[in-house]
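See below for the structure under consideration.
A short reminder: the numbers here are calculations on the coordinates, not readings from a lab. None of the values given here were measured: they were computed from a predicted structure. No Cβ is skipped: glycine too gets one built from the backbone with ideal geometry, and neighbour counts run over all protein chains shown.
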Amino acid sequence: MASTTLRHTVFILRGNPLTGIAAAGVILLVLIAIFGPSIAPYDPVASNVSEALKPPSAAHLAGTDQLGRDTFSRLVVATRLDLVIAVSAVGISFVLGAVIGAFCGYTGGRFDRSVGRFVDVMMAFPLFVLAMAMVAALGNRVENIVLATAVINLPFYIRFARAEVNVRRNLGWVEAARASGESHGSVVLRFLLPNVLPAMAVQMSLNLGWAILNAAGLSFIGLGVKPPTPEWGIMVAEGARFISTGKWWLVAFPGLALMLAVLCFNLLGDGMRDILDPRMRT
Amino acid sequence: MIEPLLRIEDLHVTFSTRRGPVEAVRGMTLSLDQGETLGLVGESGSGKSVTGFATTRLLDAAGQVTKGRILYRGKDITKIPDSDFRALHGAAMSMIFQNPRAALNPIRAIGLQIVDAILSHKRMSKQAAADEALKLLRAVQIRDPEQRMSAYPHELSGGMCQRVMIAVAISCNPMLLIADEPTTGLDVTTQKIVMDLLAQIAADRGMATILITHDLGLAAQYCRRVVVMEKGRLVEEAAPKTLFHRPQHAYTKRLVAASPTATSRIEDLVADDERTQYLAVVAASRPHPDPPSGTPPLLEVKNLAKRYDQGLPAVADFSMTMAAGESVGLVGESGSGKTTTSRMICRLVDASDGEIVFDGESIGHLPAREFHRSRFRKDIQIVFQDPNESLNPRFTAFDCIAHPLLRLVGMRPGEALQRRVEECARRVGLPLELLPRFPHQLSGGQKARVGIARAIACRPRLLVLDEPTAALDVSVQAVVLQLLDRLRREDNLGLLFVSHDLNVVRMMCDRTIVLRNGRIVEQGESRALFDNPQTEYTRELVDAVPHIGLSAGGPVEALSS
């Protein structure tokens, strides 16, 4: 089993080497997130006014900002915070969304309809505005950014899990599980959910990129992480003031980091869809 | 000598897969005269459909004709360019498929779809094409063709859709029609209507037909010549009567034996070795003593009914009794309520009304969602229709069989469980080395065995079989039927056999209940019921079953005379 999966993965990767590159990029991001503070050459919050607004050089790979902080160190250290926000937000919305959606898809009826309408109402809001409103109301803290990002992701997971479970609920093995003594609840949690996990993993990977953008976006408009904490979104926001005077590196490098992170997660998601799709397994 | 309409010479078709090339057809030769009807019979994987697809050039991208020729009126059509071949499609040869609903465009009115087919090959005005389409709908005997022109596929029944497909296929007067399992998935009475229609149209228009089917009886009834394929090769070719009464090739012999007919017995289904084994088991199993008088029947169902929100009840006033060790058949067409009934008796679905008494105790009062706690849960088990869908894709065969033991018998993982699962696997003839495999690594027959092993793992007393062999090849079906009958004898198991295949039910069941529109039409001792049906409906069902043991003058002869 393991060896056939491996062979299959290799086959897909050969046809689509981008997936491998994206996976490597994601692994690199995770490593940077873990070891970031110890590999950063400078203290990310220590200011040094004599070195302010220096362009990229050998000493400061990505230049320095208006307070003389090393942009490269700030970028490296920010990885952890951005990933933690994205991963925990996606994790929360995945767990809640998968369970709620799976029960909707399995039971149908009134519960399904009311959850469905609630999701419709949520999706009728511009989601980013909804997140802004939540952070503004609850307070400008990391937990609330996570919560807001999780809530605006929730509808997608509910819909996805609902659809995936709905097509499976009348299959023989689901009824067989009941005939073998499982209650409805355990059929959903222990039988149906594990079967829709692979498909949802794809959705999670795609969503991680989106969640990073969302957290950065909140910070950018001042509703997220507070300065001086290094975070990609704030860095872009702060750097934007200096763009007109030609200090491009303050915006370009955090923007690039964001773009690459989002790109890696999205490409990985696409590749995983191919790897996990049973129709590709002929 | 007249040139045959179609001649296939030493055809080889290879599919490129990840594990290297796979030869689906390896040296197939056949010829077909104008207006002739040929049956192409074989089990899944025999290459019969691939032969049809290669002829009409509908192979998917991975498949290629690697050797041999396909001559249509003396011209090799494997070599001609696609643009020339398009002209042949429709006008020269045409194809109809297994699932008519999937073959029709769901968002286009059927009349327009026929018009499309006409206009793609003939230059005429839209109005003329529409008139032509109307004529075709009449030809395929669709009632109220004027109204039906604007109907969409979902508004028509499966049989109706297949008639529309036939209308599309014959719209350009093809010389050759290839019908790939045209009636699989249709009810037996609908099958008869569609096949009779097809035979009639072919005879009227002098159209040659290749009928690709897994059903020997169907091929025998509607074809003058039958070709049997196995593993991509032709193994035997003969007139149906010769083929079925004096098969020459070992494979044909097995196939003929495995196909249930009105007179077959369970022990005749499989060849010598296994048959001896089965007979030994039957002889060894002592008849279970009659229960002392006053013992309640194993199952007693009284006035069972199921109503959904509106409309007619799905099941109404269903009553039956079953003794231990008895087998009862439940037959009916799709929509007759037989599946709903079986699910209610299994306590997977709640009845709206009525009573279910198991072993003298009423079990109907416990709602279905609580029934998994009942002590009777392990006594009533079920085998599902499609083995491909009845196993959890994330469970190994071992997990599947062990699951009810863990949940219902209270066994814990360990050596005892291992032994019990292995014993179940042995009883259903599943090789032990397959136990660690996942469903997608098993064949259809092996999956069916896992499903049965799971159902008998807790030693139930009533086993509900929901079309247990409908998705299996006849040779696998034969083995599975024998297995089920053996288990019944060994464990004194009550079997409720839900099926649309009358020949199978007649052979397997002591008594049979005929359902129609949720109501019992007729019931009685199986052989008597089928030999001498009392109601018009049962007679229709029995008459619609294609017969192998044909006397002189099947419908083909009748039509052409």
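How many angstrom lie between the C-alpha centres of region A:211-282 and region A:155-176? That distance is 33 Å. In percent, rounded to a whole number, the relative contact order of region B:100-173 is 49, using alpha-carbon pairs under 8 Å and six or more apart. Cα-based values for the protein assembly as shown, radius of gyration first and Dmax second, are 33.1, 109 Å. Specify the inter-centroid distance of region A:14-59 and region B:168-209, based on alpha-carbon positions, in whole Å. If you average the Cα positions of each part, the centres end up 69 Å apart.
Here the residues A:LEU130, B:LEU88, ranked from fewest to most Cβ neighbours within 10 Å of their Cβ, fall in the order A:LEU130, B:LEU88. Its Cα centre serving as origin, region B:182-334 has a Cβ charge dipole (Lys and Arg +1, Asp and Glu -1) of approximately 440 debye.
Restricting the calculation to Cα atoms, chain B shows an Rg/Rh of 0.99 when the hydrodynamic-style radius is the Kirkwood one. Note on the protein assembly as shown: dipole from Cβ charges, positive end direction compared against A:LEU6, B:THR209, A:LEU138; the farthest Cα belongs to A:LEU138. Within 10 Å of the Cβ of each residue in A:180-188, the mean number of Cβ atoms contributed by other protein chains is 6. Relative contact order, whole percent, for region B:432-528 stands at 21, derived from Cα pairs under 8 Å and 6 or more residues apart.
Computed over region B:149-206, the convex hull of the alpha-carbon atoms projects to a mean area of 4.3 nm². Highest mean first, the peptides B:252-264, B:176-188 sorted by other C-beta atoms within 10 Å per residue fall in the order B:176-188, B:252-264.
Think of each Lys and Arg Cβ as +1 and each Asp and Glu Cβ as -1; about the Cα centre, that makes the dipole of the protein assembly as shown roughly 1260 debye.
Calculated mean residue ellipticity at 222 nm for the protein assembly as shown: -15000 deg cm²/dmol, from DSSP H runs with n ≥ 4 weighted as -39500 (n - 2.57), summed, divided by the residue count and rounded to 500. Per residue, the convex hull spanned by the alpha carbons of chain A comes to 159 Å³.
Using the structure shown, list the pairs from B:LYS192/B:LYS231; B:LYS306/B:LYS338; B:LYS253/B:LYS447; A:LYS226/A:LYS247; B:LYS231/B:LYS253 with a Cα-Cα distance above 19 Å, or answer none. Mind dumping the intermediate values first?
Numbers: B:LYS192/B:LYS231 29 Å; B:LYS306/B:LYS338 11 Å; B:LYS253/B:LYS447 25 Å; A:LYS226/A:LYS247 22 Å; B:LYS231/B:LYS253 16 Å.
From the list (B:LYS192/B:LYS231; B:LYS306/B:LYS338; B:LYS253/B:LYS447; A:LYS226/A:LYS247; B:LYS231/B:LYS253), the Cα-Cα distance tops 19 Å for B:LYS192/B:LYS231; B:LYS253/B:LYS447; A:LYS226/A:LYS247.
In chain B, Cα pairs under 8 Å separated by at least six residues give a relative contact order of 15 percent. Would you work out if region B:1-40 is rounded, prolate or oblate? Take a ≥ b ≥ c from the square roots of the eigenvalues of the alpha-carbon gyration tensor; rounded if a/c is under 1.5, else prolate when a/b is larger than b/c, oblate otherwise. Verdict is prolate for region B:1-40. Between the listed residues B:ASN173, B:HIS403, B:VAL514, the Cα displaced farthest toward the positive end of the dipole of the protein assembly as shown, a dipole computed from Cβ unit charges relative to the Cα centre, is found at B:HIS403.
Give, in whole angstrom and from largest to smallest, the semi-axes √(5λ) of the equivalent ellipsoid of region A:1-67, with λ running over the eigenvalues of the Cα gyration tensor.
With the √(5λ) rule applied to region A:1-67, the semi-axes are 42, 14, 7 Å.
Overall dimensions of region B:34-80, expressed as equivalent-ellipsoid semi-axes from the Cα gyration tensor (√(5λ), whole Å, largest first), are 18, 17, 8.
A cut-off under 10 angstrom between Cβ atoms defines the neighbours of B:PHE371, and their net charge, with Lys, Arg +1 and Asp, Glu -1, is +3. Taking packing as the residue-averaged number of other Cβ atoms within 10 angstrom, the listed peptides B:129-140, B:472-483, A:13-24 run from highest to lowest as B:472-483, B:129-140, A:13-24. Which is farthest toward the positive dipole end of region B:1-123 among B:GLY20, B:SER120, B:ILE70, measuring Cα position about the Cα centre, with Cβ charges +1 (Lys, Arg) and -1 (Asp, Glu)? Of the options given, the answer is B:SER120. Here is the size of region A:59-169 from its Cα atoms: Rg then Dmax, 18.9, 64 Å.
Enter the mean number of other protein chain beta carbons within 10 Å of the beta carbon of each residue in B:380-386, as an integer.
Other-chain Cβ atoms within 10 Å of each residue's Cβ, averaged: 3.
Just to confirm the number: angle between the C-alpha axis of helix B:272-284 and the first principal axis of chain B, 0 to 90 degrees, nearest 10? In chain B, helix B:272-284 runs at an angle near 20 degrees to the longest axis. A protection proxy built from the mean count of other Cβ atoms within 10 Å ranks the segments A:29-36, B:225-232, most packed first, as B:225-232, A:29-36. The stretch between B:ASP82 and B:ASP60, if pulled fully straight at 0.36 nm per residue, gains 6.5 nm over its current Cα-Cα span.
Across the residues of B:419-431, average count of Cβ atoms on other protein chains within 10 Å?
0
Shape analysis of region B:118-233 yields a ratio of the Cα radius of gyration to the Kirkwood radius, Rg/Rh, of 1.00.
The distance separating the Cα centre of region B:415-452 from that of region B:278-347 comes to 27 Å. Taking other residues whose beta carbon is less than 14 angstrom from the beta carbon of A:SER47, and scoring Lys, Arg as +1 and Asp, Glu as -1, yields -2.
When the alpha carbon gyration tensor of region B:100-173 is reduced to an equivalent ellipsoid, its three semi-axes come out at 18, 12, 11 angstrom, largest first. Each Lys and Arg Cβ is given +1 and each Asp and Glu Cβ -1; about its Cα centre, region B:100-173 then shows a dipole of about 120 debye.
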